[in-house]
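S.K.: I have a structure here, written as structure tokens, and I will follow up with some questions on it.
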Amino acid sequence: QVHLVESGGGLAQAGESLRLSCAASGDMYGIGDMSWYRQTPGKQRELVAKITLRMRTSYADSVNGRFTISRDNGKKTVYLQMSSLKPEDTSVYYCNFFIMPSRYEAFRGYWGQGTQVTVSS
């Protein structure tokens, strides 16, 4: 069974930095894209950043230039370095991995439990 565990959320002041981590555990055959999403109450979950298996990255316009996504395939972990944080970055952040559970199954998406990031002005 696959599990994603996030860490690194918390409280920051505007302009400060935080780093989120998300590690996968359990039996799996392969990991494809890794992504970070965020969701605030009353709003849809939005894609923040994505990194492909070939290390190609993409970002939401609202975080481009401030956030950096990276991955360590050996550790089955994705990171989100968040700099120059703004109050509007306050949200619950979720990681999402596309994982092939076994060589006989297709890739499917798995979610972390979410970690709260709160940025004060």
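The values are calculated or read from the model by the stated rules, or taken from the named source; none is laboratory data. These numbers come from a predicted model, not from an experiment. FYI the Cβ positions are ideal-geometry reconstructions off the backbone, even for glycines, and counts take in every protein chain you see. Heads up: the accessible areas ignore ligands, DNA and RNA and are worked out on the full protein's heavy atoms, side chains in. Shrake-Rupley method; radii C 1.70, N 1.55, O 1.52, S 1.80 Å.
S.K.: Would you work out the charge dipole size for the chain about its Cα centre, treating the Cβ of every Lys and Arg as +1 and the Cβ of every Asp and Glu as -1, and quote it to the nearest 20 debye?
M.R.: Working: 14 positive and 10 negative charges, 50 e Å.
With only Lys, Arg, Asp and Glu charged at Cβ, the dipole is about 240 debye.
S.K.: Using r as the Cβ-Cβ distance of S7 and T68, and R0 as 22 Å, what FRET efficiency do you calculate, to the nearest 0.05?
M.R.: The computed FRET efficiency comes out at 0.80.
S.K.: How much of the accessible area of the chain, in percent, comes from carbon and sulfur atoms when a 1.4 Å probe is used? Before the final figure, lay out each step's value.
M.R.: On the way: 3200 of 6750 Å².
Answer for the chain: carbon and sulfur cover 47 percent of the accessible area.
S.K.: A further question on this structure: How much length is gained on full extension from Q81 to E16, taking 0.36 nm per residue of separation minus their Cα-Cα distance? Can you show the working numbers first?
M.R.: Details: separation 65, 0.36 × 65 = 23.40 nm, distance 1.10 nm.
Extra length available between Q81 and E16 comes to 22.3 nm.
S.K.: Calculate one ³J(HN,Hα) per residue across region 21-26 by plugging θ = phi - 60° into the Karplus curve 6.51 cos²θ - 1.76 cosθ + 1.60, and present them in order as whole Hz with x for glycine and proline.
M.R.: 10, 9, 10, 9, 9, x
S.K.: Please give the per residue accessible area of the chain, computed with a probe of 1.4 Å over protein heavy atoms only, in Å². Before the final figure, lay out each step's value.
M.R.: Details: 6750 Å² over 121 residues.
On a per-residue basis, the chain sits at 56 Å².
S.K.: Mind checking which of R108, R71, R54 has the largest fluctuation in a GNM of the chain, springs on alpha carbons under 10 Å?
M.R.: R54
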